[in-house]
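Here's the structure, in structure tokens; my notes come after.
Nothing in this text is a laboratory measurement; each read-out follows from the coordinates by a stated rule. Source: prediction; values computed, not measured. So basically every Cβ, Gly included, is an ideal-geometry build from the backbone, and we count neighbours across all protein chains shown.
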Amino acid sequence: MSKQVNIIVKAIDDKKGEDIRIIDLRNINPLTDYFVICHANNIKMINAIVDNVIQKCEEADYSIRAIEGEEDSGWILIDAYDVIIHVFLQSQRYFYNLEKLWGDMPEVELNEIL
């Protein structure tokens, strides 16, 4: 497990991100190693999670390539090169259901990190 993923997951957990999932893409995707997916109950919580992830990554000298999504869209994507972070409103998360889309990929157990 990479140190970067640990930092990101702890940053999400610190801001009460819910149902954090880590999908391991190292064997199939040359552009990124992991997807980290979580949701929050409202837009303010999404913004707090996103801000904390960015801050903690920068403090640890991990660069952020891009941030995608509008504040009111219910889905913000943070591209941190080796890790792509998806922060959803709960309803948007269940609508897009990325976990099902990537369901055949292995998941990392949270108890390895938290």
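Among DSSP beta bridges whose residues both lie in the chain, state the antiparallel percentage, nearest 5. All intermediate terms of the calculation are to be shown ahead of the outcome.
On the way: 16 of 23 bridges.
For the chain, the DSSP antiparallel bridge percentage is about 70.
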*Provide the per-residue ³J(HN,Hα) series for segment 51-61, in order, calculated from phi with Karplus coefficients 6.51, -1.76, 1.60 and θ = phi - 60°, each as a whole number of Hz, with x at glycine and proline positions.*
4, 5, 4, 4, 4, 5, 5, 5, 4, 9, 6
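Give me F95, F35 sorted ascending by neighbouring Cβ count inside 10 Å, so fewest comes first.
Details: F95 11, F35 22.
Fewest-to-most ranking of F95, F35: F95, F35.
What is the gain in length, in nm to one decimal, between D51 and D79 on full extension, counting 0.36 nm per residue of separation less the C-alpha to C-alpha distance?
On the way: separation 28, 0.36 × 28 = 10.08 nm, distance 1.33 nm.
Separation in residues times 0.36 nm, less the Cα-Cα distance, equals 8.8 nm.
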*Just tell me the longest site-free run in the chain, where the sites are trypsin sites (Lys or Arg not before Pro) in a DSSP loop having at most 14 other beta-carbon atoms within 10 Å.*
66-114
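Rank the residues C57, C38 as a footprinting-exposure proxy: fewest other Cβ atoms within 10 Å of their Cβ go first.
Working: C57 21, C38 25.
Placing the least packed residue first, the sequence is C57, C38.
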_Based only on Cα atoms, what mean projected area does the convex hull of the chain have, in nm²?_
6.4 nm²
_20 Å reach of a label modelled at K100, 7 Å along Cα-to-Cβ, counting backbone N of segment 51-83_ = 74-76
*Which of the listed residues, Q90, F35, S63, is farthest toward the dipole's positive end in segment 3-109, when Lys, Arg count +1 and Asp, Glu count -1 at the beta-carbon?*
Q90
*Size of the dipole of the chain about the Cα centre, Lys and Arg at +1 and Asp and Glu at -1 on the beta carbon, nothing else charged, in debye to 20?*
120 debye
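Take V87, V36 and order them by how many other Cβ atoms sit within 10 Å, fewest up front. Don't skip to the answer; put the middle values down first.
Values: V87 27, V36 24.
Result, fewest neighbours first: V36, V87.
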*asked:* Given the DSSP H assignment, sum -39500 (n - 2.57) over each helix run of at least 4 residues in the chain and divide by its residue total; what's the result at 222 nm in deg cm²/dmol, nearest 500?
replied: -10500 deg cm²/dmol
*Could you give me the ³J(HN,Hα) list for segment 23-31, computed from phi with Karplus coefficients 6.51, -1.76, 1.60 and θ = phi - 60°, whole Hz, x at Gly and Pro?*
9, 8, 10, 4, 7, 10, 10, x, 9
*Please list, in chain and number order, the residues 5+ apart from L89 or on another chain whose amide H is under 5 Å from its amide H, with Hs placed from the backbone.*
A40, W75
